[in-house]
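Reviewing the structure listed below.
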Amino acid sequence: MNNINFLKPDKSNLNTFLYTGSFLFFISVLDVFLNSFFKFNFIGFLPNFLSFFMPLILGFIGLHFIRIEYSGIKQLDLINKHINTNNFNAILSLLIIFIIIKSTPPILNWFFIEASFSGDSKDVCTGSGACWTYIKVWMRRFMYGMYPNAEQWRINLSFIALALLGSVGYFATDRFKKYLTLYYVVIYPLIAFLFIFFFISGGPVFFDFSYGIIAAILSIIVGFFIPSKFKFYYFLIVPFALYILLKYFLFFEEYIELGKLEGLNWVETGAWGGLSLTFIISFFCLIFCFPIGMAFALGRRSSFPLIRYISIGFIEFWRGVPLITVLFMSAVMFPMFLPADFFIDKLVRCIIAISLFEAAYVAEVIRGGLQALPRGQYEAAKSLGMGYWKMHIFVILPQALKLVIPGIANTFLALVKDTPLIFVVGLLEIVGMLNLAKTNPEWLGFAMEGYVFAAIIFWIICYAMSKYSYNLEQKYKTDR
Amino acid sequence: MNFKLKDLGPQLVTVIAVVLIFGFFTYNAQINMENRGIDFGYGFLSQESSFDVQFSLIEYDGSHSYFRAYLVGLLNTILVSVIGIIIATIIGVIVGVARLSPNYLINKFAAYYVEFFRNIPLLLQIFFWYFAALRALPLPQDAEAIFGVFFLTIKGLYVPAFIWENFNIFFYSIVAAIIAIIVIRFQAKKLQETQGKQIPVFLIAIGLIFILPLLSFLIGGVSLSFEIPKLKQLAATSFVYDGGLSLPPELIALTLSLSLYTATFIAECVRAGIQGVGKGQKEAAASIGLTPNQVLKLVIMPQALRIIIPPTTNQYLNLTKNSSLAAAIAYPDLVLVFAGTALMQTGKAIEIVSITMFTYLSLSISISILMNWYNKKIAIQEK
């Protein structure tokens, strides 16, 4: 055995250092572990101060001992490289390990062990943990707001239908791939709009909705037999013609009243709420803010000075004010700007306000993409004889949008995270519903559970979105 | 640039459309206001406001004017933004650097922090801190002192107040120190450029900033004492702290959530900035014999800062705008005091909302002008 220098562990005494080091490290972790899980402190006989810092000191010495360069043991080298490069890192690693061990039991306790899940009244919540019963009882309110219980299948059905229609892109064969853009940009938003405003909102307009669906289905089926040359004009004219035919000539409204056909109950937008409202608002704002933003991004790059200045003014104005004041404006100021007998629904005003607000951000992101494109692309497109619109639609925008996928995803994430702000105008989505439920005299004192629940939901949505955008980015990445 | 007639068409159409929309709005607004008997004007700003604000930096009560109320709100907004920016920068830089750490645990810890706080709506975080976390704090009579002087209670954080004597002299000494440091730095740079001499500017600066204020204590007659908050009984079960400074829980919840949320974005900016400096730069600097400290100070940081600062300023701006969420938890900021209470009282929707928006707008435009100037200053001088 060589002489040992404890300040400088080396390879010649590998085993000694390895065993003492691992033992000390193990002891320190074990102490913290026992301490936090079983309330048992086996170095409690030491003075208070020393006993508190003992695990840290022991662990530090242990990590110091096993910090042997090129030991030849793969795992040891890996550990040293990743958590134990020098003294400072060793201490930080220890602290993080201890924090994780220390915080596990209270979190587990609160979430699961002491929590109450069963029952449907406040009485079961006696433990020190979370009261998930509260969430269970209020679930419908958190999901659907004040929407009547008996009608909630409408929301479910429309969301499922829209999700299915939205996933068409994954199953489309190559033959239909070329129509996908048209489908997602024009047809899908239209169907979604019909669903939301006629199906979820209900009332006599429900029949309009059914006419619309019938017209759409009929025209799509017939559309397969139309030669592709006329397809565009066919889809431009026939569905609307069919719709008008159905509405005014075949099933005119007196007929409905006479035939005792009952429509769906009308549910005013003030009663909508909960998570479904979050989805509805995010969905529509996403759809609207993108084309508006694109238009203003192009406007800001336009060679016409007046259009450029107007675009700059628009973008800088919306980017300069907080969303909450924009919503204030839509609530108290906007009605003043409209004719006295003209009334726009609160929800619609909200969607317009948020869409315009986010459009400014989208515009800036897209402008970044446009600027990042090399000049050669513009010149090449022009030299092929393309005009402004052709050049942008077929050459510039596809490339620019590919570049800015992360930026757009971030803007959309911000949009989803901004939806709770609609409490300003009195619409209650999930966070607003939580605040309402919190003040219910029968269920006082469960604010924490509610916010944690909403946080988990939002976190999942946002995290999924950011991961999806990352995948998109990877998929459309083209190397130059 | 030659003038083309065919360019005029699209521009004219756009301008006419914009003018028509605005004209339509103003026309309607005029008719609506006539119908409701509201007159347009900013004269109400000098009227007596007759409402109270619970937390204000300047002297204010109901007998002051609406303009004063506006100032109170503006100052509160600025207060919360400044504190938030400072804390967010500190956390953000630490987390951003931690994300580049070779230490696996620290790296992951920072990454999880960013992923966690970034993906939860800010409003939800504010509600969480205010309604759930801070409500779990002890009542004033049960609160334990932190370091013997701070008291964290459900009614807010009580900290000792500074009581200065001859504060002016102290302040001037600090100003003098800063000016001296700037002059010395300038001279040192000149010396290095002309004669190649290096002066330890950093040490001198630290010495100056400590010694001059210290001198003001010893010679200038400045003295500082603390007023420590004391528990006072109002009724049988109602206690408050008297003396010292009290920070309301709204302010704490707001700064906490704003800074934790914004720090995640700043962390990403810092990470991107440091990663943006090419590896070759570091190696080249090392190979010409610079010490690691010099590499960091003279090569990495100047280049990284160029990438970091613009997006970070944007985040500062976002934080300032997000501070308007204060209205949700009744922290008396600009939106709550002015666009809330004052609007309710006067009913001057257009005037008040426009003033509020204009304030935020001028704030952000002035910051972005400053940023553009800075960007131009530090941009690489290309030939």
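Name the residue that is surrounded by the fewest Cβ atoms within 10 Å (Cβ to Cβ), counting only residues in the range B:324-361 that are more than 8 Å from chain A (Cβ to nearest Cβ) and within 17 Å of the chain's Cα centre (by Cα).
This residue is B:Thr359.
Going through A:Leu275, A:Leu298 one at a time, which residue ends up being more than 24 Å from A:Phe198 (Cα to Cα) and assigned to a helix (DSSP H, G or I)?
Working: A:Leu275 fails: more than 24 Å from A:Phe198 (Cα to Cα).
None of the others qualify; the one that does is A:Leu298.
I need the full set of residues from the range A:309-339 which are out of contact with any Lys or Arg (no Cβ under 6 Å at 6 or more places or on another chain) and not hydrophobic (A, V, I, L, M, F, W, C), in order please.
Passing the criteria: A:Tyr309, A:Gly313, A:Glu316, A:Arg319, A:Gly320, A:Thr325, A:Pro335, A:Pro339.
Check off (1) surrounded by 14 or more Cβ atoms within 10 Å (Cβ to Cβ); (2) among the aromatic types (Phe, Trp, Tyr); (3) within 14 Å of chain A (Cβ to nearest Cβ) for B:Phe44 and give me the number that stays unchecked.
Only one criterion in (1) surrounded by 14 or more Cβ atoms within 10 Å (Cβ to Cβ); (2) among the aromatic types (Phe, Trp, Tyr); (3) within 14 Å of chain A (Cβ to nearest Cβ) is unmet by B:Phe44, namely (3).
Using the structure shown, decide if A:Ser28 is surrounded by 17 or more Cβ atoms within 10 Å (Cβ to Cβ), touching a residue at least 40 places away in the same chain (Cβ under 8 Å), of a type in the set (Ser, Thr, Tyr) and away from chain B (no Cβ under 13 Å). Outline the logic, then answer.
On the way: surrounded by 17 or more Cβ atoms within 10 Å (Cβ to Cβ): yes; touching a residue at least 40 places away in the same chain (Cβ under 8 Å): yes; of a type in the set (Ser, Thr, Tyr): yes; away from chain B (no Cβ under 13 Å): yes.
Yes, satisfied.
Could we say that B:Leu45 is among the aliphatic types (A, V, I, L, M), within 30 Å of A:Arg308 (Cβ to Cβ) and in a helix (DSSP H, G or I) here? Give the steps one after another, and end with the answer.
Working: among the aliphatic types (A, V, I, L, M): yes; within 30 Å of A:Arg308 (Cβ to Cβ): no; in a helix (DSSP H, G or I): yes.
No; evaluated as a whole, the condition is false for this residue.
Mind counting the residues in the range A:60-91 that are within 12 Å of chain B (Cβ to nearest Cβ) and surrounded by 15 or more Cβ atoms within 10 Å (Cβ to Cβ)?
Here the count works out to 9.
Would you confirm whether or not the range A:408-419 contains a residue that is more than 30 Å from B:Ala349 (Cα to Cα), at pLDDT below 85 and either in contact with a strand residue (DSSP E or B) (Cβ under 9 Å, 6 or more places away or on another chain) or not small (Gly, Ala, Ser) (or both)?
no
Assess whether A:Ser355 counts as being more than 26 Å from the chain's Cα centre (by Cα) and under 24 Å from A:Ala400 (Cα atoms).
Numbers: more than 26 Å from the chain's Cα centre (by Cα): no; under 24 Å from A:Ala400 (Cα atoms): yes.
Against the criterion (more than 26 Å from the chain's Cα centre (by Cα) and under 24 Å from A:Ala400 (Cα atoms)), A:Ser355 does not qualify.
Is it true that B:Lys321 is at the interface with chain A (Cβ under 9 Å from one of its Cβ atoms), in contact with a helix residue (DSSP H, G or I) (Cβ under 9 Å, 6 or more places away or on another chain) and over 16 Å from B:Glu250 (Cα atoms)? Give the derivation first.
Values: at the interface with chain A (Cβ under 9 Å from one of its Cβ atoms): yes; in contact with a helix residue (DSSP H, G or I) (Cβ under 9 Å, 6 or more places away or on another chain): yes; over 16 Å from B:Glu250 (Cα atoms): yes.
Criteria met by B:Lys321.
For the range A:301-315, give me each residue that is in a helix (DSSP H, G or I) and either outside the structural domain of A:Ile352 (by TED's automatic domain parsing) or touching a residue at least 24 places away in the same chain (Cβ under 8 Å) (or both).
Narrowing the range A:301-315 to residues in a helix (DSSP H, G or I): A:305-315.
Matches in the range A:301-315: A:Ser311, A:Phe314, A:Ile315.
So which residues in the range A:99-112 are touching a Gly at 6+ places or on another chain (Cβ under 8 Å) and either within 12 Å of chain B (Cβ to nearest Cβ) or surrounded by 13 or more Cβ atoms within 10 Å (Cβ to Cβ) (or both)? Lay out the reasoning, then the answer.
To start, the set of residues in the range A:99-112 that are touching a Gly at 6+ places or on another chain (Cβ under 8 Å) comprises A:109-112.
Of everything in the range A:99-112, those that are touching a Gly at 6+ places or on another chain (Cβ under 8 Å) and either within 12 Å of chain B (Cβ to nearest Cβ) or surrounded by 13 or more Cβ atoms within 10 Å (Cβ to Cβ) (or both) turn out to be A:Asn109, A:Trp110, A:Phe111.
In this structure, does A:Tyr468 turn out to be more than 20 Å from B:Tyr130 (Cα to Cα), part of a helix (DSSP H, G or I), among the aromatic types (Phe, Trp, Tyr) and facing chain B (nearest Cβ under 10 Å)? Write out each step before concluding.
Details: more than 20 Å from B:Tyr130 (Cα to Cα): yes; part of a helix (DSSP H, G or I): yes; among the aromatic types (Phe, Trp, Tyr): yes; facing chain B (nearest Cβ under 10 Å): no.
Answer is no for this residue.
Can you tell me which residue among B:Phe55, B:Phe40 is in contact with a Pro (Cβ under 7 Å, 6 or more places away or on another chain), in a loop (DSSP other than H, G, I, E, B) and either closer than 30 Å to A:Tyr309 by Cα or touching a residue at least 60 places away in the same chain (Cβ under 8 Å) (or both)?
Testing whether each residue is in contact with a Pro (Cβ under 7 Å, 6 or more places away or on another chain), in a loop (DSSP other than H, G, I, E, B) and either closer than 30 Å to A:Tyr309 by Cα or touching a residue at least 60 places away in the same chain (Cβ under 8 Å) (or both) leaves just B:Phe55.
Counting only residues that are more than 7 Å from chain B (Cβ to nearest Cβ) and buried (at least 18 other Cβ atoms within 10 Å of the Cβ), which one in the range A:437-451 is farthest from B:Asn322 (Cα to Cα)?
Within the range A:437-451, the subset more than 7 Å from chain B (Cβ to nearest Cβ) is A:437, A:439-446, A:449-450.
If we keep only those that are buried (at least 18 other Cβ atoms within 10 Å of the Cβ) too, we end up with A:437, A:443, A:446, A:449-450.
Values: A:Ala437: 25, A:Trp443: 31, A:Phe446: 27, A:Glu449: 25, A:Gly450: 23 Å.
It comes out as A:Trp443.
Name every residue in the range A:162-212 that is among the small types (Gly, Ala, Ser), within 29 Å of the chain's Cα centre (by Cα) and at pLDDT below 80, in order of residue number.
Our first condition is that a residue be among the small types (Gly, Ala, Ser); within the range A:162-212, this holds for A:163, A:166-167, A:169, A:172, A:192, A:201-203, A:210, A:212.
Filter once more, so that each one left must be within 29 Å of the chain's Cα centre (by Cα): A:163, A:166-167, A:169, A:172, A:192, A:201-202.
Correct list: A:Gly169, A:Ala172, A:Ser201, A:Gly202.
Only residues that are of a type in the set (D, E, K, R) and not in a helix (DSSP H, G or I): list them for the range A:171-189, please.
The first filter runs over the range A:171-189 and keeps only residues of a type in the set (D, E, K, R), leaving A:174-175, A:177-178.
If the condition is that a residue be of a type in the set (D, E, K, R) and not in a helix (DSSP H, G or I), then A:Lys178 is the only one that fits.
For A:Ile324, are the conditions met, namely being assigned to a helix (DSSP H, G or I), within 9 Å of chain B (Cβ to nearest Cβ) and buried (at least 20 other Cβ atoms within 10 Å of the Cβ)? Reasoning before the result, please.
Numbers: assigned to a helix (DSSP H, G or I): yes; within 9 Å of chain B (Cβ to nearest Cβ): yes; buried (at least 20 other Cβ atoms within 10 Å of the Cβ): yes.
So A:Ile324 fits the description; yes.
Taking the stated definitions as given, is B:Ile126 of a type in the set (A, V, I, L, M), touching a residue at least 40 places away in the same chain (Cβ under 8 Å), within 11 Å of chain A (Cβ to nearest Cβ) and under 25 Å from B:Leu245 (Cβ atoms)?
When the stated conditions are applied, B:Ile126 passes them.
Mind checking which pairs have a first residue in the range B:268-292 that is over 15 Å from B:Val97 (Cβ atoms) and a second that is surrounded by 14 or more Cβ atoms within 10 Å (Cβ to Cβ) and polar (S, T, N, Q), Cβ under 7 Å, 6 or more apart or different chains?
Listed pairs, sorted by first residue: B:Gln281/B:Gln303.
Quickly run through the range A:332-373 and pick out the residues that are outside any helix (DSSP H, G or I) and in contact (Cβ under 8 Å) with a residue 24 or more places away in the chain.
In the first step, residues of the range A:332-373 are kept if they are outside any helix (DSSP H, G or I); the result is A:338-345, A:373.
Correct list: A:Asp345, A:Leu373.
Could you check the range B:220-332 for helices (runs of 4 or more DSSP H) lying wholly inside it with 1 or more residues that are within 30 Å of A:Ile422 (Cα to Cα) and charged (D, E, K, R)? Show your work before the answer.
Numbers: elements: B:249-276, B:279-287, B:301-322.
Because the criterion is at least 1 residues that are within 30 Å of A:Ile422 (Cα to Cα) and charged (D, E, K, R), the helices (runs of 4 or more DSSP H) in the range B:220-332 that meet it are B:249-276, B:301-322.
Considering each of B:Arg118, B:Arg135 in turn, give the residue that is within 29 Å of B:Phe226 (Cα to Cα), basic (Lys, Arg) and facing chain A (nearest Cβ under 9 Å). Step through it out loud before you land on a result.
Values: B:Arg118 fails: within 29 Å of B:Phe226 (Cα to Cα).
Checking each option against the conditions leaves just B:Arg135.
Could you check, for the range A:377-385, whether at least one of its residues is crowded, with 17+ Cβ neighbours inside 10 Å and outside any loop (DSSP other than H, G, I, E, B)?
Going residue by residue through the range A:377-385, those that are crowded, with 17+ Cβ neighbours inside 10 Å are A:381.
Filter once more, keeping what is outside any loop (DSSP other than H, G, I, E, B): A:381.
Among the residues of the range A:377-385, at least one is crowded, with 17+ Cβ neighbours inside 10 Å and outside any loop (DSSP other than H, G, I, E, B), which makes the answer yes.
State whether one or more residues within the range A:35-51 are among the β-branched types (Val, Ile, Thr), over 24 Å from A:Ile96 (Cα atoms) and surrounded by 14 or more Cβ atoms within 10 Å (Cβ to Cβ).
Just the residues of the range A:35-51 that are among the β-branched types (Val, Ile, Thr), to begin with: A:43.
Those left that are additionally over 24 Å from A:Ile96 (Cα atoms): none.
Looking for residues that are among the β-branched types (Val, Ile, Thr), over 24 Å from A:Ile96 (Cα atoms) and surrounded by 14 or more Cβ atoms within 10 Å (Cβ to Cβ), one finds none in the range A:35-51, hence no.
Return a yes/no flag: does the range B:89-103 have any residue that is out of contact with any Lys or Arg (no Cβ under 7 Å at 6 or more places or on another chain), within 11 Å of chain A (Cβ to nearest Cβ) and crowded, with 19+ Cβ neighbours inside 10 Å.
Step one: filter the range B:89-103 for residues out of contact with any Lys or Arg (no Cβ under 7 Å at 6 or more places or on another chain), giving B:89-95, B:97-98, B:101-103.
Now narrow it down to the ones that are within 11 Å of chain A (Cβ to nearest Cβ): B:98, B:101-103.
Retained after the next criterion (residues that are crowded, with 19+ Cβ neighbours inside 10 Å): B:98, B:103.
Yes: the range B:89-103 contains one or more residues that are out of contact with any Lys or Arg (no Cβ under 7 Å at 6 or more places or on another chain), within 11 Å of chain A (Cβ to nearest Cβ) and crowded, with 19+ Cβ neighbours inside 10 Å.
I'd like to know if the range A:379-397 contains one or more residues that are basic (Lys, Arg) and within 30 Å of A:Ile456 (Cα to Cα).
So the first thing to find is which residues in the range A:379-397 are basic (Lys, Arg), and the list is A:382, A:390.
Now narrow it down to the ones that are within 30 Å of A:Ile456 (Cα to Cα): none.
Among the residues of the range A:379-397, not one is basic (Lys, Arg) and within 30 Å of A:Ile456 (Cα to Cα), which makes the answer no.
So, in the range A:417-435, of the ones that are out of contact with any Gly (no Cβ under 8 Å at 6 or more places or on another chain) and touching a residue at least 24 places away in the same chain (Cβ under 8 Å), which residue ends up surrounded by the fewest Cβ atoms within 10 Å (Cβ to Cβ)?
Going residue by residue through the range A:417-435, those that are out of contact with any Gly (no Cβ under 8 Å at 6 or more places or on another chain) are A:417-419, A:421, A:424-425, A:431, A:435.
Still in the list and also touching a residue at least 24 places away in the same chain (Cβ under 8 Å): A:417-419, A:421, A:424-425.
Details: A:Lys417: 21, A:Asp418: 22, A:Thr419: 26, A:Leu421: 27, A:Val424: 25, A:Val425: 16.
Selected residue: A:Val425.
The values are calculated or read from the model by the stated rules, or taken from the named source; none is laboratory data. Predicted model only: the values in this text are computed from it and were never measured. Every residue, glycine among them, receives a Cβ derived from its backbone with ideal geometry; neighbour counts consider all protein chains shown.
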